[in-house]
1. Among residues belonging to segment 105-149 that are surrounded by 12 or more Cβ atoms within 10 Å (Cβ to Cβ) and of a type in the set (S, T, N, Q), point out the one that is nearest to ARG20 (Cα to Cα).
2. Out of the residues in segment 280-312 meeting the condition of being farther than 20 Å from VAL370 by Cβ and among the small types (Gly, Ala, Ser), tell me which one is modelled with the lowest pLDDT.
3. Is it the case, given these coordinates, that ILE324 is closer than 23 Å to ASP466 by Cβ and either among the hydrophobic types (A, V, I, L, M, F, W, C) or assigned to a strand (DSSP E or B) (or both)?
4. Consider ASP343 against the criteria (1) modelled with pLDDT of 90 or more; (2) touching a Lys or Arg at 6+ places or on another chain (Cβ under 9 Å): it satisfies all of them except one. Which criterion is unmet?
5. Failed condition for VAL338, given (1) buried (at least 19 other Cβ atoms within 10 Å of the Cβ); (2) of a type in the set (Val, Ile, Thr); (3) at pLDDT below 95; (4) under 18 Å from GLY469 (Cα atoms), with all others met?
6. Answer yes or no: is there a residue in segment 44-67 that is touching a strand residue (DSSP E or B) at 6+ places or on another chain (Cβ under 7 Å), at pLDDT 85 or above, assigned to a loop (DSSP other than H, G, I, E, B) and of a type outside the set (D, E, K, R).
7. With respect to LEU239, is the statement that it is at pLDDT 80 or above and within 12 Å of the chain's Cα centre (by Cα) true?
Amino acid sequence: MKKIAIIGRPNVGKSSLFNRLLKQRDAITSEMAGTTRDVKRKIVRVGDKEAELLDTGGLDKGCELYDKIREKSLEAAHKADIVLFMVDGKSLPEDEDKKLFYELQGMGKEVALVVNKIDNEKMKEKLWEFYEFGAEDIFGISVAHNRSITALMEWVYERLPDEDRVAEDAKEEDEEVEAEFEFEEIDEEEDYFEIDDEEVEEDSVFAYNDKIYEHNPEDINHIKVAIIGRTNVGKSSLLNALLKEERSVVSSVAGTTIDPIDESIRYKEKQITFVDTAGLRKRGKIVGIEKYALMRTTKMLENANIALLVLDASEGFRDLDEKIAGLVDKHHLGCIIVLNKWDISDKQRYEEVVRELRDRFKFLSYAPVVTVSAKTKLRVEKLYNMILKVNDNYSQRIPTARLNEVLEWSMRKHPLPAIKGQVAKIYYATQYDIRPPKIALIMNKPRLLHFTYRRYLKNQLRQAFDFEGTPILFKAKRRGE
């Protein structure tokens, strides 16, 4: 599939054009220079043809962060087949822009000079100043006013292969990706949302390895993994280590990642989509564009299955870490706690840290803990198989007979307590949904099921079945509800 890269200096309208071509608000846009930092990739349809559209960071120089953004953008431009080189029509042509434009032309790429912010007929006079680039293909457009973009897209369309050629290229790309990612196997309080009362038909489930799964292969085999944590704990470094390539911009500047960046791999017949999210700060310190980043992160968590909660093992845990962990609990995600920056092999130190972690994060007691160093890639590969295991547990369905067997034994061992003389009875239990496992407890008086007894029953289920890494949700209901 052909790649189309949109590149240029900061604030020329690259992300706005990206959103316009996608016909949706995907990239965050603002007047602040450096809003886009990582390269965003999306499939765009141009007429009856498809291409991969790349939105890049601004080509600027200065601090360490801007230098890395520039490096990533140029790398994307060099790998692209078609380059839309954007400039600001309200400013004068820059010598640095001309130099880069000539370099891309010399590489034999299809390059169009896109002069943005030509908002009206009078502004068209400014377009003549940009002919000194010597570009064969020059387009004066206004993304904000949707002017003259059709001519640009017709130019792009002519340079894309026909549909059958696209399909052939995609097949070759998939084979390359599968070959690249064949890894060796390595021996604050929130209210819960209401759970839908939907029964599952018998023929919509299937059994495998003594576990029962929903008969929806697309969902089960596609695992959406969110990488979350506060700023500067190493989330982008972890994503790069997992992908074995420098996908996200990494710098010492807190809040480097703004847009959530997603990338998919194939591993053991599963598709794993990793999403590197913006680092979260205390609410009082969230300013400007970071408010949009927080909104995107929250929306992404709503669609995720598993969270990699990244904590900095080189320093003590903070209250903010607990609040971020609370988001995992709130969205009922499977979870793996990743202690990053763990460059020591001290068993005593490990036990002390895990004790503190379990004490502070009691609501994530089910989450396994992995120590890694994203920088050196130490033990990062352990995460692949662990993600698959947590997904299995997150997607499993316990047979009703076995579930009630454990429930009956648990109630004999520790009967339901009477509350103010009223006796509650649990008649039976049935699992009605997965991802995460959701269990309905059919009772005579649902309101009398105390949260401590819920916790007791969950612990009994965890002892009887493998629910490592996944929450269990209970719904107390009357007969016939």
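The values are calculated or read from the model by the stated rules, or taken from the named source; none is laboratory data. The shown structure was predicted, so the numbers you read here are calculated from the model rather than taken from an experiment. Glycine gets a Cβ as well: all are built from the backbone with ideal geometry, and neighbour counts include every protein chain shown.
1. Among residues in segment 105-149 that are surrounded by 12 or more Cβ atoms within 10 Å (Cβ to Cβ) and of a type in the set (S, T, N, Q), the one nearest to ARG20 (Cα to Cα) is SER142.
2. GLY288
3. no
4. Checking ASP343 against (1) modelled with pLDDT of 90 or more; (2) touching a Lys or Arg at 6+ places or on another chain (Cβ under 9 Å), the one that fails is (1).
5. With respect to (1) buried (at least 19 other Cβ atoms within 10 Å of the Cβ); (2) of a type in the set (Val, Ile, Thr); (3) at pLDDT below 95; (4) under 18 Å from GLY469 (Cα atoms), VAL338 is out only on (3).
6. Looking through segment 44-67, none of the residues is touching a strand residue (DSSP E or B) at 6+ places or on another chain (Cβ under 7 Å), at pLDDT 85 or above, assigned to a loop (DSSP other than H, G, I, E, B) and of a type outside the set (D, E, K, R).
7. For LEU239, the condition - at pLDDT 80 or above and within 12 Å of the chain's Cα centre (by Cα) - is met.
Residue by residue, here is whether (1) part of a helix (DSSP H, G or I); (2) within 26 Å of THR273 (Cβ to Cβ); (3) out of contact with any helix residue (DSSP H, G or I) (no Cβ under 9 Å at 6 or more places or on another chain); (4) in the same structural domain as LEU311 (by TED's automatic domain parsing) holds:
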residue	(1), (2), (3), (4)
ILE336	no, yes, no, yes
LEU339	no, yes, no, yes
ARG349	yes, no, yes, yes
VAL354	yes, no, yes, yes
ASP359	yes, no, yes, yes
TYR366	no, yes, no, yes
LYS375	no, yes, no, yes
ASN385	yes, yes, yes, yes
LEU388	yes, yes, yes, yes
